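Each remark here refers to the structure printed beneath this line.
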């Protein structure tokens, strides 16, 4: 299943989204009415109130579905509503922790807890991309300690840095160097 999104927010993670959303452990197919609401939200992206209403309707029909979570995340992120995007990122992390059976806290996850190094392991990848979004948003919001901790956890889980946490840490290090 592919949920249309405005051209503005189509990006390199769209393929990942399609793979994740079709995975049966992450909800598989959505009810058609929820899909229609996501499509309407995408088409009315420029009308924030209407788009957000459609997102809420999709959520009411398919609560906790990754397509709805990703749509909310992207909507809030690209509208510059970063605190709300951060709430969604936390929700995604919680879902990813449950689906991967990783416990209650991302801080307690270790590299051997899941197949983090295997690119085709969708559930662990969903966790890592959710944690990356969380790290990025915390950094953007000035929560540098929390953002650094999340990015460092990503590097622990993904030492080859295929997710790109190193870039976040590099930016943070440069900011700290500039302060010195």
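The values are calculated or read from the model by the stated rules, or taken from the named source; none is laboratory data. Only a predicted model underlies this, so the values are computations on that prediction, with no experimental measurement involved. In this analysis, Cβ positions are derived from the backbone assuming ideal geometry, glycine residues included, and neighbour counts consider all displayed protein chains.
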Query raised in the report: From the residues in the stretch 93-130 that are within 28 Å of residue 174 (Cα to Cα) and free of Cβ contacts under 8 Å to residues at least 40 places away in the same chain, which one is surrounded by the fewest Cβ atoms within 10 Å (Cβ to Cβ)?
Result: 108
Report task. Test residue 151 against the stated conditions and say whether it is surrounded by 23 or more Cβ atoms within 10 Å (Cβ to Cβ) and over 28 Å from residue 47 (Cα atoms). Result -> yes
Query raised in the report: How about the stretch 144-174: which of its residues are out of contact with any helix residue (DSSP H, G or I) (no Cβ under 8 Å at 6 or more places or on another chain) and free of Cβ contacts under 8 Å to residues at least 24 places away in the same chain?
Result: 145, 167, 170, 173, 174
Report task. Identify all residues within the stretch 70-103 that are in contact with a helix residue (DSSP H, G or I) (Cβ under 7 Å, 6 or more places away or on another chain) and under 17 Å from residue 146 (Cα atoms); write none if there are none. Result -> 82, 84, 85, 86, 88, 89, 90, 91, 92, 93
Requested in this report: Of the numbered conditions (1) under 10 Å from the mean Cα position of the chain (by Cα); (2) outside the structural domain of residue 35 (by TED's automatic domain parsing), residue 73 fails exactly one; give the number of that condition.
Outcome: (2)
